[in-house]
Amino acid sequence: MPLNSPTNNPKTLDKYGTLYVVATPIGNRDDITLRALKTLENVEVIAAEDTRHTGSFLKNHPVKGKLISYHEHNEKERTPDLIERLKAGFSVALVSNAGTPVLSDPGFRLIKTAIECNIKVTPIPGVSAAIAALSVSGLPCDAFAFIGFPAKKRGKRLKQLEALAAVPWTLIFYESPKRIAKLLEDILSVMGDRQAVVSREMTKLHEEFIRGFLSEILIRLQQHPKIKGECTLLVKGYEARIDISPEDLEAELLRALENRKTALPDLAKKISKKYSLPKSEVYKQAVKIKDNHKG
């Protein structure tokens, strides 16, 4: 711990109010914990990213609470007011429009200032889009890097992706439906054709998980008439690639086909994973080899 980090003073903590960082649902309104509802009911102030959105949500449970806005455009001016309330002994709940506050949402300034002022900050855990998507991705979960929203300008975004290309952990991005295809194209050009998952509309009626290689996911997204809902993209981390020549790949496929113990789709999946190649291309080549060696 750095020498200048604030330490908890029990006397001060008893005197001041508590800042609660409360996770709220990312879609399905039932994904709220009992503790979160009790906290929102009992605090003096709820600092919300969008008071209309949070107000509408609270009416469904129902919870009454004093809402004030706290978003990226007013957090600099609003933070001192909230800190003064906390110092006066009032408790404050921080919520974003969806999921866990601070993760690609406003709140860092308030939390950092509260800690510096020796105000107690308590998490009320719940939903996070990043963790929800990771849990069902089928990609390695033992280590991951949360990137959040990548840079909007392509030049800056490409530099960001180049810096991440050698990271061996699963990468987690947030992206808007308008830019998700462009992000996939850029990752494909910088990192190669890796296994990935796009999760869309999680916990909602039209929840969708698109799994496969980046090139395959891109084709499927391009077939959508219109992509809706915020997207969470997970990309497999860097693996040292085993290079294989077209001739050696053909020979390996031929040996496997002669064995006849593995179904063609399963064979394509196994070999594509082994050499980090698009499954669709390996499958096409396997079919071609099988047709050429019939009889």
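When residue 73 is tested against the conditions (1) at pLDDT below 95; (2) over 20 Å from residue 121 (Cβ atoms); (3) touching a Leu at 6+ places or on another chain (Cβ under 9 Å), the lone failure is (3).
Within segment 118-142, residues that are touching a residue at least 60 places away in the same chain (Cβ under 8 Å) have Cβ atoms under 7 Å from residues that are among the basic types (Lys, Arg) and loosely packed, with under 15 Cβ neighbours inside 10 Å in these pairs: 124/35, counting only partners at least 6 apart in sequence or on another chain. Restricting 228, 274 to residues that are surrounded by 10 or more Cβ atoms within 10 Å (Cβ to Cβ), closer than 30 Å to residue 203 by Cβ and among the basic types (Lys, Arg) narrows the list to 228.
Within segment 98-117, being closer than 19 Å to residue 76 by Cα and either of a type outside the set (A, V, I, L, M, F, W, C) or in a loop (DSSP other than H, G, I, E, B) (or both) holds for 101, 102, 103, 104, 105, 106, 107, 109, 112, 113, 116, 117. Considering 213, 209, the condition of being over 30 Å from residue 24 (Cβ atoms), touching a residue at least 60 places away in the same chain (Cβ under 8 Å) and not acidic (Asp, Glu) is satisfied by 213 alone.
Only one of the listed residues (21, 63) is more than 30 Å from residue 149 (Cα to Cα) and either modelled with pLDDT of 95 or more or buried (at least 16 other Cβ atoms within 10 Å of the Cβ) (or both). That residue is 63.
Of all the listed residues (72, 77), the sole one being within 21 Å of residue 129 (Cα to Cα) and not in a strand (DSSP E or B) is 72. Do we have residue 135 as within 17 Å of residue 46 (Cβ to Cβ), surrounded by fewer than 13 Cβ atoms within 10 Å (Cβ to Cβ) and out of contact with any helix residue (DSSP H, G or I) (no Cβ under 7 Å at 6 or more places or on another chain) here? Answer is no for this residue. For segment 232-239, check the following and say yes or no: at least one residue is within 30 Å of residue 104 (Cα to Cα), surrounded by 13 or more Cβ atoms within 10 Å (Cβ to Cβ), touching a Pro at 6+ places or on another chain (Cβ under 9 Å) and among the aromatic types (Phe, Trp, Tyr). Yes, the conditions are met somewhere in segment 232-239.
Residues of segment 153-196 that are free of Cβ contacts under 8 Å to residues at least 60 places away in the same chain, hydrophobic (A, V, I, L, M, F, W, C) and crowded, with 16+ Cβ neighbours inside 10 Å: 158, 161, 164, 180, 181, 183, 184, 187, 188, 190, 191, 196. Scan segment 205-253 for residues that are in a strand (DSSP E or B) and touching a helix residue (DSSP H, G or I) at 6+ places or on another chain (Cβ under 9 Å) and the total you get is 10. Go through segment 139-175 and report how many residues are assigned to a loop (DSSP other than H, G, I, E, B) and closer than 24 Å to residue 189 by Cβ. The total comes to 12. Checking each residue in segment 246-255 for being without any contact (Cβ under 8 Å) to a residue 24 or more places away in the chain and either of a type in the set (Lys, Arg) or under 13 Å from residue 287 (Cα atoms) (or both) picks out only 255.
Of all the numbered requirements in (1) over 20 Å from residue 159 (Cβ atoms); (2) at pLDDT 95 or above, residue 184 misses one, and that requirement is (1).
The values are calculated or read from the model by the stated rules, or taken from the named source; none is laboratory data. This structure is a prediction, so every number in the text was calculated from the model and none was measured. Note that we place each Cβ from the backbone using ideal geometry, even for glycine, and neighbour counts take in every protein chain shown.
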